[in-house]
Amino acid sequence: MQKWHVNLTKEDRKKIKMVLRSKKVTMEAKKHAQILLDIDESGSKKPLSLSKVTTSRGVCQNTIIRVRRSYAESGIDVAIFRKKRETPPTEPKITGEVEAHIIATACGEPPEGKARWTLKMIAKKIMLDGVIESISDEAVRLVLKKRNLSPI
């Protein structure tokens, strides 16, 4: 016995057809919409079994079960589209100010007794200056590479 049943209304079918026709919708959303049509129990045709849907749509059974459950619990929008992110992504650690300090250090005179800057020396200097709490020499390399600079 299935725990969650999919009985699409006319409005739901309209929305699914709009999603399938749209060029601005992701393939994942289109696949979920097609799965809902395949497992619809209220339609004129008999709903497809899990194994038939997995082979015809190229998805695993867990995907079908997840789409079915999200439709039954939350509706068509949640079943088709991805959930919006609740928390924003973390801010980048290396800001423009930090980049400018790295570039200025790399283009400046190397410390006494050294012929040139190394990536580790630049990273240590940036941290000692209090520009950033911690930074790796790889992050310094990427900043310099982005600007076509070399510590040499």
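Values in this text are rule-based calculations from the coordinates and carry no lab data. What you see is a predicted model; the values in this text were computed from it and never measured. As a convention, Cβ positions derive from the backbone with ideal geometry for all residues, glycine included, and neighbour counts pool all protein chains shown.
Along the positive direction of the dipole of the chain (beta-carbon charges: Lys, Arg +1; Asp, Glu -1; about the Cα centre), which of Thr87, Ser134, Ser150 reaches farthest?
So the residue furthest toward the plus end is Thr87.
Normalising by the residue count of the chain, find the relative contact order in percent from Cα pairs under 8 Å and 6+ residues apart.
Values: 125 pairs, mean separation 25.8, N = 152.
It rounds to 17 percent for the chain.
Given Cβ point charges of +1 (Lys, Arg) and -1 (Asp, Glu) and nothing else, what value in debye, to the nearest 20, does the dipole of the stretch 55-152 about its Cα centre take? The partial results should precede the final answer.
On the way: 18 positive and 12 negative charges, 134 e Å.
That gives a dipole near 640 debye.
Would you list which aspartates and glutamates come within 20 Å of Lys15, measuring only between C-alpha atoms, while excluding same-chain residues fewer than 8 positions from it?
Glu28, Asp38, Asp40, Glu41, Glu73, Asp77
By the scheme Lys and Arg +1, Asp and Glu -1, what is the net charge of all other residues having a beta-carbon under 11 Å from that of Val78? Numbers along the way, then the final one.
Numbers: positive: Arg66, Arg69, Arg82, Lys83, Lys84; negative: Glu73, Asp77.
Around Val78, the charge tally is +3.
Compute, for the stretch 10-80, the length of the dipole vector about the Cα centre, with Cβ point charges of +1 (Lys, Arg) and -1 (Asp, Glu) only. Units Debye, rounded to 20. Show your work: numbers first, answer last.
Working: 17 positive and 8 negative charges, 71 e Å.
Around 340 debye, computed over the stretch 10-80.
Could you give the length gained on full extension between Arg141 and Ala104, defined as 0.36 nm per residue of separation minus the Cα-Cα distance, in nm? Please report the intermediate quantities before stating the final value.
On the way: separation 37, 0.36 × 37 = 13.32 nm, distance 1.38 nm.
Between Arg141 and Ala104, full extension yields 11.9 nm more.
Given R₀ = 35 Å, FRET efficiency for Lys124-Lys23 by Cβ-Cβ distance, to 0.05? Don't jump to the answer; show the numbers that get you there.
Values: r = 51 Å, r/R0 = 1.47.
Computed FRET efficiency for Lys124 and Lys23: 0.10.
Which value in nm describes the separation of the simple spin-label points at Lys46 and Trp4, placed 7 Å from the Cα toward the beta carbon?
2.4 nm
Could you put Met18, Met121 in order, starting from the residue whose Cβ has the fewest other Cβ atoms within 10 Å? Can you show the working numbers first?
Working: Met18 11, Met121 18.
Ordered from fewest to most neighbouring Cβ atoms within 10 Å, Met18, Met121 come out as Met18, Met121.
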